[in-house]
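Asks: My questions all concern the structure below.
What follows is calculated from the coordinates using simple rules that are stated; it is not laboratory data. Fair warning: this is a prediction, and the values are worked out from it, not measured in the lab. Using ideal geometry, Cβ is built from the backbone for each residue, glycine included, and neighbour counts are taken over all protein chains shown.
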Amino acid sequence: MRRLDLCEISRNTNRPTTRGTAGRTSSQPHNGESLELLQELQRAVQACQRCIIITGAGISVSSGIPDFRSPDGLFQQLKQKYPNAVSNGKDLFDATLFTDPGMISVFYNFMGELRNLVSQANCTPTHRFIKDLEERGKLLRCYTQNIDSLEKRIGLETSFEKPVDCFVPAKETVCSDSMSENSAGSAAKQGEASSEPARQRKNTSGRRRQTTLDKTFTRAVQLHGDLDNVICTICHTRYPFTKQLAEEFCEGAPPPCPRCKEIEVIRDLVGKRSVASGVLRPDIVLYNETHPQSEIIGALSEYDLKRRPDLLIVIGTSLKIPGIKRMVKEMSRCVRDCSAKTKRAGAGKTILINRDEPPRGWEDVFDIYVSGESDRVIELLPALPTECATSEQETASDGSKGSKISSAE
Ligand SMILES: [Zn+2]
């Protein structure tokens, strides 16, 4: 692994930038070796056709969302804010917190605040770089550990299910997940057992929108979910994580699930015994929890390995999570194997971009380690032909929220 330190690269690249000015510093003289590495990095991006990107919290810091592990990151902030309840900020992202009523209150308060912070965040130049790669047909997939949905906001597809129109013949019985059509009887029945099969109803003929798993459809896999929705702990109904719900979260108590409450009322009306009622929690995956769609994620990453990726860029992560470590190592092996076979000039590199150096053991995984904030590194890559930002996202490109940069995760 060779190291490219951005401090050694002149800021005066004589290249017009289209990526804002976040992180600019005064000019410094070129260092020959660093410049050579930078050119190698540029060639790798230019030459690649099937890039895999794996990201962590470091890519969102310039949008105003703190990372996790840096000295001024979320874990430290949580310790300072809740000194009596939180000895380690990581505890607030661990599923075992639900066994401690004090921690539950802190968790809800924190998640309400985090949701509000995330909802105001703008996409960064790094998010736009990933989207640019997709628009140029170079991105196989992005895997992100972030729960801020900025990939979704920049226009990368994050859903696992592709909507398709299909014809449904008259009187065919199909499943429905519409809550609004709940009958009193079925709702009361659903409260009886979680293993109850999905409610069914008769359909009239016509075109219906259903979903299917298409392995090329998802462009950004959110490995830990996101803060766009909350989910019931009992019936697993999802609701949008609205500002109003965030305010309830900030009060420190879990809001009850509307559907469970409805079932409770109906059961009471028909004289049935009461059953457990759920509360709402953020639809994210905590430590010591399994992603509910882990099988799909596994299938997608296996599929990507078979598609022979020719560039791996890992950005803004301290590589501490075991699942991520495994994924990065597998992808790296695959990129190198593929490049050895194809021998296409410039391609086949494995690159880490992060402010902090990776721990020991990663020297053989990456060809190049770029030390620096990802937005600055992205600025030095070849200008891409199209700007992808929408008017809302364009606001983000001025970097106005992004002066605070710190290390990944
Ligand atoms: Zn519920």
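Asks: Tally Lys/Arg at +1 and Asp/Glu at -1 over every other residue whose Cβ is under 14 Å from the Cβ of TYR82; what's the total?
Replies: 0
Asks: For the range 72-151, what is the Kirkwood hydrodynamic radius in Å, using each pair of distinct C-alpha atoms?
Replies: Taking every pair of different Cα atoms in the range 72-151, averaging 1/r and inverting gives 14.8 Å.
Asks: Moving to a separate point now. Where the centroid of each part is defined by its Cα atoms, how far is the range 226-286 from the range 77-135 in Å?
Replies: 20
Asks: Note down the net charge around GLU248, summing +1 for each Lys or Arg and -1 for each Asp or Glu among other residues with Cβ under 13 Å from its Cβ.
Replies: Spelling it out: positives minus negatives among the neighbours equals 0.
Asks: If you don't mind, there's one more thing I want to ask. By how many nm would the segment from SER274 to ALA253 lengthen if fully extended, with 0.36 nm per residue of separation less the alpha-carbon distance?
Replies: Going from the current span to full extension adds 5.4 nm.
Asks: Would you mind checking LYS320/LYS341; LYS90/LYS215; LYS162/LYS325; LYS162/LYS306; LYS79/LYS320 for any pair whose Cα atoms are more than 25 angstrom apart?
Replies: LYS320/LYS341; LYS90/LYS215; LYS162/LYS325
Asks: Count neighbours as other Cβ atoms within 10 Å of each site's Cβ, and list the trypsin sites (Lys or Arg not before Pro) in the range 83-174 that are DSSP loop with at most 10 such neighbours.
Replies: Counting only loop positions with at most 10 other Cβ atoms within 10 Å, the trypsin sites (Lys or Arg not before Pro) in the range 83-174 are LYS171.
Asks: Put a dot 7 Å past each Cα toward the Cβ at GLU157 and LYS243; how far apart are the dots in nm?
Replies: Simple spin-label model gives 3.2 nm for this pair.
Asks: Lys and Arg at +1, Asp and Glu at -1: add these up for the other residues within a Cβ distance under 14 Å of MET327 and post the number.
Replies: +3
Asks: Taking neighbour counts of Cβ atoms within 10 Å as a proxy for exposure, in what order, fewest first, do TYR108, TYR303 appear?
Replies: The fewest-first ordering by Cβ neighbours comes to TYR303, TYR108.
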